[in-house]
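The values are calculated or read from the model by the stated rules, or taken from the named source; none is laboratory data. In this text, all values refer to a predicted model and were calculated from it rather than measured experimentally. Virtual Cβ from ideal backbone geometry, glycine too; neighbours counted across all protein chains shown. Ligands, DNA and RNA are excluded from the accessible area calculation, which covers all protein heavy atoms including side chains. Shrake-Rupley method; radii C 1.70, N 1.55, O 1.52, S 1.80 Å.
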Amino acid sequence: MKTVETFDALQEALLRLKRPLGLVPTMGYLHKGHLSLVKRAKQDCASVVVSIFANPTQFAPGEDLENYPRDIDRDLGLLKGVGTNLVWIPSVKSMYPDDFQTWINVEGVSKPLEGRVRINHFRGVATIVSKLFNSVRPDKAYFGQKDAQQAVVIEQMNRDLNYPIEIVICPIIREPDGLAMSSRNSYLNERERHAALCLSRGLNTARDAFQKGEKHADKIREIVANVVNEEQLAELQYVSCAHPETLEELEGEIESCLLSMAVFIGRTRLIDNIVLLQPNT
Ligand code: AMP
């Protein structure tokens, strides 16, 4: 496994990699969720490139960029263990030089949900993913359903800008007790870690009700909110029952939806989601 930092070293190393080439973008502090993307890329592609870059432009002032967990040595060990061919760890200065002035703005699907509470977040995401695509020029790129809206935004950008890249969205990897794996779980103390189970519990309770015939969007949102609100350490930021592709909020009876939420557990902001589908759709 080779590790490169500069753009020129990346280009040189790419010349030696067999195609098809898979790209897995990450912000580091890797866990089994990230590794599941690399493993899937290894199945599909002759070579796999992983980028590690905590992208400052997708964090708002006051968010956790400065405290974002980092452990490059541990990350490299994990990536080697799953057969990664090349790791690219660019510097902030090289990605955003002082005269940087071009942004990618995916308009519609960036606006609701996370976009309403994290202003400019998806502008930062789309811009960095576009730069990664242009730099690595992969055949396939792998993202997690954990960041469901990010997946929709990137698929939209990929179509709109005619990238010749196949986007592959991989399922959410969870801890045995249901908590969706996230680098941010490392912020949680023991009490908070227990409280964080209210996210998956809320989604599962709503899924069970949906499967038993509850089809009303308002009711489904309310079921999630009630479970989260029962947890003292949790503060629900939003719960959304939205169209899985347009991300428009749904009203009335639904056939399918992306049920998603953001919850503060103490100072840690966690997101989680599930897609609800009628068995015959
Ligand atoms: P991040 O390092 O948080 O930017 O995540 C890098 C990629 O890993 C993104 O495509 C995420 O959606 C994906 N990812 C993060 N957590 C999980 C998880 N628990 N299961 C599957 N994919 C994940």
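Table: residues versus (1) within 25 Å of Val129 (Cα to Cα); (2) of a type in the set (Lys, Arg); (3) in the same structural domain as Arg116 (by TED's automatic domain parsing).
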site	(1), (2), (3)
Arg159	yes, yes, yes
Ile165	yes, no, yes
Asn189	no, no, no
Ala196	no, no, no
Leu199	no, no, no
Ala206	no, no, no
Ala209	no, no, no
Glu214	no, no, no
Lys219	no, yes, no
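Taking (1) in a loop (DSSP other than H, G, I, E, B); (2) of a type in the set (Gly, Ala, Ser); (3) under 18 Å from the mean Cα position of the chain (by Cα) in turn, Gly83 satisfies each apart from (3). When you go through (1) open to solvent by 30 Å² or more (accessible area, probe 1.4 Å); (2) in a helix (DSSP H, G or I); (3) farther than 24 Å from Val106 by Cβ; (4) touching a residue at least 24 places away in the same chain (Cβ under 8 Å) one by one for Tyr29, which number turns out not to apply? Evaluating Tyr29 over (1) open to solvent by 30 Å² or more (accessible area, probe 1.4 Å); (2) in a helix (DSSP H, G or I); (3) farther than 24 Å from Val106 by Cβ; (4) touching a residue at least 24 places away in the same chain (Cβ under 8 Å) leaves (2) as the failure. Report yes if Arg16 is within 16 Å of the ligand (Cβ to nearest atom), within 25 Å of Tyr163 (Cβ to Cβ) and open to solvent by 20 Å² or more (accessible area, probe 1.4 Å), otherwise no. Taking the combined requirement at face value, the residue does not satisfy it. Of the residues making up region 31-80, those that are aliphatic (A, V, I, L, M) and more than 11 Å from the ligand (Cβ to nearest atom) number 10. Of the numbered criteria (1) within 16 Å of the ligand (Cβ to nearest atom); (2) under 28 Å from Lys2 (Cβ atoms); (3) not polar (S, T, N, Q), the one Ile172 fails is (2).
Only one of the numbered conditions (1) touching an Asp or Glu at 6+ places or on another chain (Cβ under 7 Å); (2) surrounded by fewer than 16 Cβ atoms within 10 Å (Cβ to Cβ) is violated by Glu249, and that is (1). Scanning region 53-66 finds one or more residues that are outside any loop (DSSP other than H, G, I, E, B) and either outside the structural domain of Ala141 (by TED's automatic domain parsing) or of a type outside the set (Val, Ile, Thr) (or both).
Any residue at all in region 106-118 that's open to solvent by less than 20 Å² (accessible area, probe 1.4 Å), at positive phi and not assigned by TED's automatic domain parsing to the domain that holds Lys18? No - not one qualifying residue is present in region 106-118.
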